[in-house]
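To keep things clear, I will list the structure first and then write my remarks on it.
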Amino acid sequence: MTSNQLSGQPFFSFKDQSLWVEGLALNSLAQAHGTPLFVYSKAAMLSALAAYQRGFAGRKSQVCYAMKANPALGVIQVFVQAGCGFDIVSGGELERVLAAGADAAKVIFSGVGKTRAEIRQALEAGIGCFNVESEAELEVLNGVALGLGKVAPVSIRVNPNVDPKTHPYISTGLKGNKFGVAHERVLQTYQRAAALPGLQVVGIDCHIGSQITLESPYLDAVDRVLDLVQAIEAAGIHLHHLDFGGGLGINYGGSADAEPPAADALWAKLLAKLDARGYGQRLLMIEPGRSLVGNAGTCVTEVLYLKPGEQKNFCVIDAAMNDLPRPAMYQAFHQIVPLVNRPEATTTLYEVVGPICESGDWIGHDRNLAVKQGDLLAVMSAGAYCMGMASNYNSRGRAAEILVDGTQAHVIRERETTADQMRNERLV
Ligand SMILES: *Cc1c(COP(=O)(O)O)cnc(C)c1O
């Protein structure tokens, strides 16, 4: 693969050998704001959303952006303005979506470990649905709702026991995973929910994993969920909405990577199944995260040192595993391309590594790059599960974030200072 091909990132392209995002050169953004720097394309986010909207044209549907993929307020705001709801997994995420202007009624709350305080906070805000993940949670939710004199809208997250064929850490719909209620227990759990006075059953939910690049796990999961819907409704419990979760993968540009199905093509197949079984006119909800933002972002970083070695040559950059945790966590691949392409220069094979004191702090293995000290590189497909997972390890401040809209660059997060990091600490 040459550095001119940026798989799946049509809003990032080379003009006169230098990398642009929409109407701005990444080089000038890096000069103005420093590195490491996350840069997101608003048009890329809206284009990814549009694929889902085309898929659901003419249907009753609600796209709930799974905001843990990229929790920046400025990113959430893009999806608020586009009419999205949100899938949240903590009280902190609830505060973020509300701060960005989300309608609480379009918020759904997932996660296996909701605390009583978070449940109370979400009930008071008036969220649209709790995606309940266990029988024990159902009882706690009922108790908290009754205590507040409220009725909690619930959907049960079912575990359809299908293999999404993705990395084991991001597979969530298998029997051995901590998520959802086991297939065999689903009907009893719905009957219990329907009997509890503090709850109102409104839907069913499943989410089988992340970075799914095949359509077969979705087709299997839909079949299994619809079997459950049929059994639940036969028991007299009506389900107003059907929520099929998120998880659709993106193309990270790795040589061995499968091209994931396009959202509209995938949904055409899923809708055919729903129609065939008579459920196509229900309110359909989905919770995509990565597929809305992953390929809308890049992380610009500077080459600090080139370090030739006997076995390997190292390219030491100023971004690290605290900024880009996916390689260390999931052995994930990100394309790495110089911001300025020098087609005539000879390339060298490098291990691209960050400055952190861990051998796990690598960003790319065996990359052919024509670079010199001081050059800028773009680590591509960095819009999802990068800044949201960023840490302060080695007391590194988190990077700044820029949202590009045409020829305009908005700073949506200032670079974190050491004073920011130390703010809540006290000497004894
Ligand atoms: C993380 C998550 C999502 C989004 O997953 P993506 O792979 O980013 O699309 C959706 N629903 C739930 C419950 C999640 O935990």
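The values are calculated or read from the model by the stated rules, or taken from the named source; none is laboratory data. A quick note: this is a predicted structure, and the numbers were derived from the prediction, not measured. Positions of Cβ are generated from backbone atoms using ideal geometry, with glycine treated the same way; all protein chains shown enter the neighbour counts. Keep in mind that these areas ignore ligands, DNA and RNA; they rest on the heavy atoms of the full protein, side chains included. Shrake-Rupley method; radii C 1.70, N 1.55, O 1.52, S 1.80 Å.
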Does any residue of the stretch 52-65 turn out to be within 16 Å of the ligand (Cβ to nearest atom), hydrophobic (A, V, I, L, M, F, W, C) and surrounded by 23 or more Cβ atoms within 10 Å (Cβ to Cβ)?
-> yes
Is at least one residue of the stretch 18-35 crowded, with 21+ Cβ neighbours inside 10 Å and of a type in the set (D, E, K, R)?
-> no
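Residues checked against (1) under 23 Å from residue 285 (Cα atoms); (2) assigned by TED's automatic domain parsing to the domain that holds residue 247; (3) charged (D, E, K, R):
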residue	(1), (2), (3)
100	yes, no, no
129	yes, yes, no
132	yes, yes, no
138	yes, yes, no
144	no, yes, no
147	no, yes, no
150	no, yes, yes
187	yes, yes, no
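Table: residues versus (1) farther than 22 Å from residue 249 by Cα; (2) touching a Lys or Arg at 6+ places or on another chain (Cβ under 9 Å); (3) open to solvent by 20 Å² or more (accessible area, probe 1.4 Å); (4) without any contact (Cβ under 8 Å) to a residue 40 or more places away in the chain.
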position	(1), (2), (3), (4)
323	no, yes, no, no
327	no, no, no, yes
333	no, yes, yes, no
346	yes, no, yes, yes
356	yes, yes, no, no
Quick one: is residue 246 crowded, with 18+ Cβ neighbours inside 10 Å, part of a loop (DSSP other than H, G, I, E, B), of a type outside the set (S, T, N, Q) and within 13 Å of the ligand (Cβ to nearest atom)?
-> yes
Taking the residues in the stretch 1-17 that are open to solvent by 50 Å² or more (accessible area, probe 1.4 Å) and more than 15 Å from residue 251 (Cα to Cα) as candidates, determine which candidate is modelled with the lowest pLDDT.
-> 2
Check off (1) within 13 Å of the ligand (Cβ to nearest atom); (2) of a type outside the set (Phe, Trp, Tyr); (3) part of a loop (DSSP other than H, G, I, E, B); (4) at pLDDT 95 or above for residue 207 and give me the number that stays unchecked.
-> (4)
Is it the case that residue 381 is part of a loop (DSSP other than H, G, I, E, B) and within 16 Å of the ligand (Cβ to nearest atom)?
-> yes
Only listed residue being farther than 30 Å from residue 384 by Cβ, out of contact with any Leu (no Cβ under 6 Å at 6 or more places or on another chain) and aliphatic (A, V, I, L, M), chosen from 221, 231, 235 | 235
Considering every residue within the stretch 163-171, establish whether at least one is among the aliphatic types (A, V, I, L, M), closer than 30 Å to residue 74 by Cα, touching a Phe, Trp or Tyr at 6+ places or on another chain (Cβ under 6 Å) and within 16 Å of the ligand (Cβ to nearest atom).
-> no
Taking the stretch 75-102 as the region of interest, how many residues are away from the ligand (no atom under 14 Å from the Cβ) and open to solvent by 10 Å² or more (accessible area, probe 1.4 Å)?
-> 13
List the pairs whose first member sits in the stretch 237-253 and is of a type in the set (Ser, Thr, Tyr), whose second member is more than 14 Å from the ligand (Cβ to nearest atom), and whose Cβ atoms are under 6 Å apart, counting only residues at least 6 apart or on separate chains?
-> 252/333
Report yes if some residue within the stretch 219-234 is open to solvent by 10 Å² or more (accessible area, probe 1.4 Å), within 16 Å of the ligand (Cβ to nearest atom) and not small (Gly, Ala, Ser); otherwise report no.
-> no
Any idea which of 358, 310 is assigned by TED's automatic domain parsing to the domain that holds residue 398, more than 24 Å from the chain's Cα centre (by Cα), closer than 25 Å to residue 394 by Cβ and of a type in the set (Asp, Glu)?
-> 358
Would you kindly identify the strands (runs of 3 or more DSSP E) lying entirely within the stretch 254-317 that contain at least 3 residues that are in contact (Cβ under 8 Å) with a residue 60 or more places away in the chain and open to solvent by less than 10 Å² (accessible area, probe 1.4 Å)?
-> 297-307
